[in-house]
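Notes follow the structure.
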């Protein structure tokens, strides 16, 4: 009888290990498919055995190819403070955990649903989804086009359907892109577009979502001559960039929303004026007029390369004879 009990225990143990291996292998394959060094922050409701198996699987899979540099297990009540190496972080979440909605609310308040953070949400049959495989507990989260959220939905028989989800803008409808499928026989089969196109190209169509831009005009009459090339020696840089930025929004199928000011922005009495103030207060998304780089401005706005070359020069007037 004792021998039979030991035999039964071994059989059950192997069955449990096989079941655990399925989910662990799927997660490992998805992380490997991202082809980037990764530090995992895992919010999961796993047993110690399963956690240990994930760590062992990670070590075996990464031998000679160290994609996963770190794994940290945290509970749903904890949201980590991120101070550096954001580009390496992947948040792994077991959606069946209790009180997981509070974890997402806190992560959203810390702005973790943005680039360069990545998310892998593991969804089983007990989690309620919408038609785009978006779990109901994150339906209110604003994950914009720069976000990278992969949802792995268990379909039964140890198979998973994977999709990337995002919104074009706050409170707009969720959109889903196919990421791939996983099953034990073939492992991860990635959708072709994920391999051949970058995230920016896949999400190029903004569906007429309004994008707000602020321009600097030092002459009030320039507002009447932004495109007709009259007096193009006045506010030249802004007039040139007005056409460029509007072509860009047309290319992305976005709607233009304009604001105008007479200053690039300076800090006065603790608050910013001009275009920098519009950006600092999140009243606009893009500054349409190039401005010089200063350490104060760099602390609150993100600079990109200007499409219009600018230089500082001294102009000397010839003395009268």
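Taken together, the values in this text are just the output of simple stated rules run on the coordinates, not laboratory data. In this text the structure is predicted, and so the values were computed from the model without any measurement. Glycine gets a Cβ as well: all are built from the backbone with ideal geometry, and neighbour counts include every protein chain shown.
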Measure off 7 Å from each Cα along the Cα-to-Cβ vector at residue 212 and residue 136, then give the distance between these two points in nanometres to one decimal. 3.4 nm
Taking a temperature of 37 °C and a viscosity of 0.692 mPa s, what whole-number D in µm²/s does Stokes-Einstein yield for segment 23-202 with Rh from Kirkwood over alpha carbon pairs? 198 µm²/s
Please give the contour-minus-distance gain from residue 155 to residue 183: 0.36 nm per residue of separation, less the Cα-Cα distance, rounded to one decimal in nm. 9.1 nm
7 Å from Cα along Cα→Cβ at both residue 303 and residue 262: what's the point-to-point distance in nm? 2.7 nm
Peptide ranges 174-181, 309-316, 225-232 listed from the most packed, as the mean C-beta count within 10 angstrom indicates: 174-181, 225-232, 309-316
Approximate spin-label separation residue 75-residue 200, in nm, with each point projected 7 Å along Cα-to-Cβ: 4.3 nm
Determine the calculated [θ] at 222 nm for the chain from helices alone, applying -39500 (n - 2.57) to every DSSP H run no shorter than 4 residues and normalising by the residue count; nearest 500 deg cm²/dmol. -9000 deg cm²/dmol
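What does DSSP give for the chain in terms of the percent of beta bridges that are antiparallel, rounded to the nearest 5?
Values: 22 of 53 bridges.
Antiparallel bridges: around 40 percent, rounded to the nearest 5.
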Fewest to most Cβ atoms within 10 Å: 117, 73 sort as 73, 117
List 162, 201 from most exposed to least, where exposure is judged by having the fewest other Cβ atoms within 10 Å. 201, 162
With r as the distance between the Cβ atoms of residue 294 and residue 191 and R0 = 51 Å, compute the FRET efficiency 1/(1 + (r/R0)^6) and round to 0.05. 0.70
What do you get for the angle between helix 2-33 and the principal long axis of the chain? Use alpha-carbon atoms, 0 to 90 degrees, nearest ten. 20 degrees
For segment 210-298: rounded, prolate or oblate by the Cα gyration tensor [a/c cutoff 1.5]: oblate
Considering only DSSP beta bridges whose two residues both sit in segment 23-202, what percent are antiparallel, to the nearest 5? 50 percent
Counting other beta carbons within 10 Å of each residue's own, what order do 154, 77, 280 fall into, fewest first? 77, 280, 154
